[in-house]
Amino acid sequence: MKKMTYLFLLAATLGACSPKPENKIETPPKASASLFPQGDAIEGSNFNGTAYLQRLMTDSETFDVVVSDVIFEPKARNSWHSYPGGQILIATAGKGYYQEKGKPIQVLNPGDVVAIPADVVHWHGAAPDSGFTHIAINTKVHLGATQWYEPVSDEEYTNQ
């Protein structure tokens, strides 16, 4: 883990120090890179667009958490949902959105961390022009499963 952290910091430092040519055209990424193997496509009505889930740790008996790597393609998002034990999101690549019910959308960039208290209704996903990857840590999983609600409408998604 230390080695990956050092490599990430080195890459970020080198990228920040490199001059950007004035005529360089940046193209938005189709999907975000991940430190982990891409998981399986998520199927079902709780996601709009294409997203992939790779479980990293499911030892809920010892640690009471489930840890996953989630990759969203551009525009992909999940439905409104909540967790009885809360959730922590760690943005690792791309540009994402996070919103709690009744609050404005927050833009997430690599390195951003969101601590979501228990039972807070929210959604998250990729920006329209970028893939997005995050690590999701579901905490106190003994309290119960994810509670899913209605899909995030296009109007809610674009309302910044």
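The values are calculated or read from the model by the stated rules, or taken from the named source; none is laboratory data. Quick caveat, the model's predicted, so the values are computed rather than measured. Using ideal geometry, Cβ is built from the backbone for each residue, glycine included, and neighbour counts are taken over all protein chains shown.
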Considering every residue within segment 67-81, establish whether at least one is among the polar types (S, T, N, Q), farther than 18 Å from residue 127 by Cβ, modelled with pLDDT of 90 or more and buried (at least 17 other Cβ atoms within 10 Å of the Cβ). yes
Any chance segment 44-55 includes a residue that's assigned to a loop (DSSP other than H, G, I, E, B), touching a Phe, Trp or Tyr at 6+ places or on another chain (Cβ under 6 Å) and modelled with pLDDT of 95 or more? yes
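Please return the ranges of strands (runs of 3 or more DSSP E) entirely within segment 94-160 where 3 or more residues are surrounded by 14 or more Cβ atoms within 10 Å (Cβ to Cβ), touching a residue at least 60 places away in the same chain (Cβ under 8 Å) and not β-branched (Val, Ile, Thr).
Counting at least 3 such residues, we get 132-139.
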Is it the case that some residue within segment 105-124 is more than 25 Å from residue 40 (Cβ to Cβ) and either among the polar types (S, T, N, Q) or modelled with pLDDT under 95 (or both)? yes
Going residue by residue through segment 39-61, is there one that turns out to be farther than 20 Å from residue 148 by Cβ and surrounded by 20 or more Cβ atoms within 10 Å (Cβ to Cβ)? no
